[in-house]
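> Okay, handing you the structure first.
All of the numbers you see were taken from the coordinates with simple rules; none came from a lab. For clarity, every value in this text was computed on a predicted model and none was experimentally measured. Cβ placement follows ideal geometry from the backbone for every residue including glycine, while neighbour counts extend to all protein chains displayed.
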Amino acid sequence: MAMALRALGRRISHSDRFFSSLSEAAKPPSDGKLINLFTAINQALHIALDTDPRSYVFGEDVRFGGVFRCTTGLTDKFGRDRVFNTPLCEQGIIGFAIGLAAMGNRAIAEIQFADYIYPAFDQIVNEAAKFRYRSGNEFNCGGLTVRSPYGAVGHGGHYHSQSPESFFCHVPGLKVVIPRSPRQAKGLLLSCIRDPNPVIFFEPKLLYRLSVEEVPEDDYMLPLSEAEVIRQGSDITLIGWGAQLSILEQACDAAAKEGISCELIDLKTLIPWDKETVESSVRKTGKLLISHEAPVTGGFGAEISASIVERCFLRLEAPIARVCGLDTPFPLVYEQFYLPTMNKILDAIKATVKY
Amino acid sequence: MAASAVVRRLSSAPLRDHRLLRPFSSTGSESTITVETSVPFTGHKINPPSRSVETTPVELLSFFRDMSLMRRMEIAADSLYKSKLIRGFCHLYDGQESIAIGLEAAITKKDAIITAYRDHCICLGRGGTLVESFAELMGRRAGCSKGKGGSMHFYKKESGFFGGHGIVGAQVPLGCGLAFAQKYLKEGTVSFALYGDGAANQGQLFEALNISALWDLPAILVCENNHYGMGTAEWRSSKSPAYYKRGDYVPGLKVDGMDVLAVKQASKFAKEYALKNGPIILEMDTYRYHGHSMSDPGSTYRTRDEISGVRQERDPIERIRKLLLSHEIATVSDLKDIEKEVRREVEEAIAQAKENLMPDPSELFTNVYVKGFGVESFGADRKEVKAILP
């Protein structure tokens, strides 16, 4: 998908092919410039800071633009009081952000790599997620948005490639959102920032430069908790999010050559997730395959699988397949074996369809 | 030869060149020399040790050789990375070699060292071989972590090197735990937990320090202050960049980390202190010539003048070279010979490491758990067991 998108000059076919959406409200305005993911995120942050004078962006090294250039130009435009560096202390960053949000501000905190989010895990799970609940709605930290690059990047090794989304999906009170492309990222990020709940926004770092798309320059928001069917099909439903969708698309194309018609869904928001869209798709196809980079045991695919079995047991024609990362720490030299590659997905599609 | 026996005891690098251990012109190889450190030590809640350090010609020569070896290894790693033989992340230690060497000169292999990701030279100092290091960097099976760790995760159990950690600051509580175990063992050993100025602001460090002080653990926290946490200067990240004072109730010592004799003196002092009284913090004032990692040019947040200034004024290898020359322990050409030999050693090690194979794909599954806790993985039909992960 990323490769196709990079081919310049095919605007119309892009929008027909990739943005057919069941949800009309999700259609953003169509004019825009071709930009990549980090530029789209940068635009979203500019707009967020512009439209709300009480919003702040902070994290490690964000002032010069950030290690992935997502925060370029923000300090120059909005000043050091609103865009600032923090020392190297994730727990401190998030705790501080929660406090800021509790005073009614929009705190957009960056954790430099999702692998480093664990020192802040207690703050996110125990403080942020439960604040509104335990104070009986007296207080809340809805203004909190945590942005973090996640996912494999080819050479990241153990601590620059992890996908920790499933840890946070287990916490009621949080929202977890993962975009697949620049246009999605900008709209979703603005929705996350403006959503009155604490949100964790994981950005697929592989796509920062790789994914290029037309993105409208103005302020627009995409709805949370709405999955998008990005490709219609009839034989099997495939679900993924983030960078994995481009792998799934390649698998769809390969399966189409073998006569299998795949329906591809981008989940977008992992919790609270859009069960209805997925259920109606599975009712149509009768088969489901979920793919994510995180290890298979306890990954978010397990939740989707269990929920769909509850809802669609009698309609299912084959066991739900999960093609995910292996149950090992993210390896160094074995990355290609560990990841759910296109061939693994294609194998599973065929096995499921021929069950 | 007595001299070579002494050198073998002091230094752990392989392949001694015995030609250089002929009797020296003016000083005997066993005679002691007293050298003053570049600057006096500064103490926090403790009386600092004396500035006068005792050393021998053999020791000084070994310092020179070992630091040159480390320097050459790091520079070679730089070019290997650029030619894509090393992938992933690579954090180079050149400029900071004196800390690794000075530390080793004061302790034994039964003492433990634990550090963060800038660990290539520490591993070498602990007895790692060049081939092991390059193989690990290139992800080959002869590497010290069998190719599964990479640049950031060098380990050497038999010499008390506990690695090689990616998450900033996470190694410090671990180091204090090692000290706890050592206290039980009663072998008169200590643990050195190395961390950087960036990690000095991690909360877990203070938690571990409190526990160590409460229980009088033989833990020595060494802050390798190279003044930049990635791209952030210390004064931008820390309200108090006097890291040796950060322990508050734990005494501290500020040391010129670019002076290997000062590092040796401070480490010896710290070990004696820790065995009797509990934790102590050493702040090593040092500098790294390379950027934070290979993806950082290192010049966007500091001037080239600053880097070259440090190289001229404070380079650890140059300091030892001047000492060796002024005490007539070696001539200019002797030292050049050592450097040439070191270069050759490094090149041979690289060639050997390059021929080594990548680990077998089955190694992807090993060492997740101890063998025997099998996880089964079925295909979509749930009839055929596709794999049992060990």
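> Longest span of chain A, sites excluded, free of GluC sites (Glu not before Pro) in DSSP loop with at most 10 other C-beta atoms within 10 Å?
Segment A:1-137 is the longest.
> Same structure, new question: Looking only at B:Ala100, B:Ala213, B:Ala112, which one moves most when chain B is put into a Gaussian network model with springs between Cα atoms under 10 Å?
Among B:Ala100, B:Ala213, B:Ala112, the largest mean-square fluctuation in the Gaussian network model of chain B belongs to B:Ala213.
> Just going by the charge dipole of chain B, with Lys and Arg at +1 and Asp and Glu at -1 on Cβ, which of B:Gly252, B:Ile99, B:Val172 is farthest out on the positive end?
Of the candidates, B:Val172 comes out farthest on the positive side.
> Percent relative contact order of chain B, based on C-alpha pairs within less than 8 angstrom and at least six residues apart?
Answer for chain B is 20 percent.
> Can you pull out the GluC sites (Glu not before Pro) in segment B:24-108 whose DSSP state is coil and whose Cβ has at most 15 other Cβ atoms within 10 Å?
B:Glu30
> Also, quick follow-up: Within chain B, which DSSP H helices have Cα atoms that stretch 24 Å or more along the helix axis and a mean Kyte-Doolittle hydropathy of at least -0.5?
Once both thresholds are applied, what remains is B:57-82, B:260-277.
> Along the positive direction of the dipole of segment A:151-285 (beta-carbon charges: Lys, Arg +1; Asp, Glu -1; about the Cα centre), which of A:Val229, A:Ala185, A:Val199 reaches farthest?
Positive-most Cα among the choices belongs to A:Val199.
> On to the next question. Could you pull out the chymotrypsin sites (Phe, Trp or Tyr not before Pro) across segment A:100-160 that fall in loop regions by DSSP (anything but H, G, I, E, B) with no more than 16 other Cβ atoms inside 10 Å?
A:Phe139
> Can you tell me what share of the DSSP beta bridges in the protein assembly as shown is antiparallel? A percent to the nearest 5 is fine.
Here the share of antiparallel DSSP bridges comes out near 30 percent.
> What shape does segment B:235-340 take by its C-alpha gyration tensor, where a ≥ b ≥ c are the square roots of the eigenvalues and a/c under 1.5 counts as rounded, a/b above b/c as prolate, and the rest as oblate?
In terms of gyration-tensor shape, oblate.
> Taking a ≥ b ≥ c as the square roots of the eigenvalues of the Cα gyration tensor of chain A, is the shape rounded (a/c under 1.5), prolate (a/b larger than b/c) or oblate?
prolate
> Local charge sum around A:Thr297 (other residues, Cβ-Cβ under 10 Å, Lys/Arg +1, Asp/Glu -1)?
Around A:Thr297, the charge tally is 0.
> Moving to a separate point now. I need to check one value: relative contact order of segment B:41-121, counting alpha carbon pairs closer than 8 Å and at least 6 residues apart, in percent.
Normalised by residue count, the contact order of segment B:41-121 is 28 percent.
> Something else about it: Could you give the size of the charge dipole of chain A about its Cα centre, using +1 on the Cβ of each K and R and -1 on the Cβ of each D and E, expressed in debye and rounded to the nearest 20?
Charge dipole, chain A, about its Cα centre: 320 debye, nearest 20.
> Could you tell me how many degrees, from 0 to 90 and to the nearest 10, lie between the Cα long axis of helix A:182-194 and the main elongation axis, the longest principal axis, of the Cα atoms of chain A?
In chain A, helix A:182-194 runs at an angle near 50 degrees to the longest axis.
> Summarise the partner chain shielding of A:82-90 as one whole number: the mean count of Cβ atoms from other chains within 10 Å of each residue's Cβ.
Mean shielding count: 5.
> Once you have a ≥ b ≥ c as the square roots of the Cα gyration tensor eigenvalues for segment B:269-315, tell me rounded if a/c is under 1.5, and otherwise prolate or oblate according to whether a/b is larger than b/c.
prolate
> So which residue, out of B:Gln96, B:Gln202, B:Gln182, gets the largest mean-square fluctuation from a GNM of chain B using Cα contacts under 10 Å as springs?
Per the Cα network of chain B with a 10 Å cutoff, B:Gln202 tops the list.
> Put +1 on the Cβ of every Lys and Arg and -1 on every Asp and Glu Cβ in segment B:287-361; which of B:Tyr287, B:Leu325, B:Ala349 then has its Cα farthest towards the positive end of the dipole?
Checked the options; the winner is B:Tyr287.
> Let me ask something additional. Expressed as a rounded percentage, what relative contact order does segment B:148-272 have, with Cα pairs under 8 Å and six or more residues apart?
Relative contact order of segment B:148-272: 20 percent.
> Counting other beta carbons within 10 Å of each residue's own, what order do B:Ser212, B:Ser326, A:Ser166, A:Ser246 fall into, fewest first?
Fewest-to-most ranking of B:Ser212, B:Ser326, A:Ser166, A:Ser246: B:Ser326, A:Ser166, A:Ser246, B:Ser212.
> If you count, for every residue in B:226-233, the Cβ atoms of partner chains within 10 Å of its Cβ, what is the mean?
Average neighbour count from other chains, rounded to a whole number: 3.
> ³J(HN,Hα) across segment A:218-232 via Karplus (A = 6.51, B = -1.76, C = 1.60, θ = phi - 60°), whole Hz, x for Gly/Pro?
My calculation for segment A:218-232 gives 8, 7, 8, 10, 10, x, 8, 6, 10, 7, 10, 7, 9, 8, 8 Hz in order.
> Run the dipole for chain B about the Cα centre, Lys and Arg Cβ at +1, Asp and Glu Cβ at -1, nothing else charged, and hand back the magnitude in debye, nearest 20.
In total the dipole reaches around 500 debye.
> How about segment B:221-268: which chymotrypsin sites (Phe, Trp or Tyr not before Pro) there lie in a loop by DSSP and see at most 11 other Cβ atoms within 10 Å?
Taking segment B:221-268 and a limit of 11 other Cβ atoms within 10 Å, the loop chymotrypsin sites (Phe, Trp or Tyr not before Pro) found are B:Tyr249.
> Per residue of the protein assembly as shown, what 222 nm ellipticity follows from adding -39500 (n - 2.57) for every DSSP H run with n ≥ 4, rounded to the nearest 500?
About -11500 deg cm²/dmol.
> Is there a quick way to get the dipole size of the protein assembly as shown? I mean about its Cα centre, with the Cβ of Lys and Arg at +1 and of Asp and Glu at -1; what is the value in debye to the nearest 20?
Roughly 500 debye for the protein assembly as shown.
> Counting only other residues whose beta carbon sits under 14 Å from that of A:Asn126, what net charge do I get with K and R as +1, D and E as -1?
The answer is +1.
> Give the share of C-alpha pairs in each 20 angstrom bin for the protein assembly as shown, from 0 to the last occupied bin, in whole percents, shortest bins first.
Each 20 Å bin holds this share of Cα pairs: 16, 44, 30, 9, 0.
> Taking neighbour Cβ counts within 10 Å as the exposure measure, how do A:Arg283, A:Arg147 sort from fewest upward?
Lowest count first: A:Arg283, A:Arg147.
> Taking the beta-carbon count within 10 Å as an exposure proxy, list B:Phe161, A:Phe96, B:Phe134, A:Phe68 from fewest neighbours to most.
A:Phe96, A:Phe68, B:Phe161, B:Phe134
> Along the principal axes of its C-alpha atoms, what lengths does chain B span, in descending order and rounded to whole Å?
The Cα atoms of chain B stretch 81, 49, 47 Å along the principal axes, largest first.
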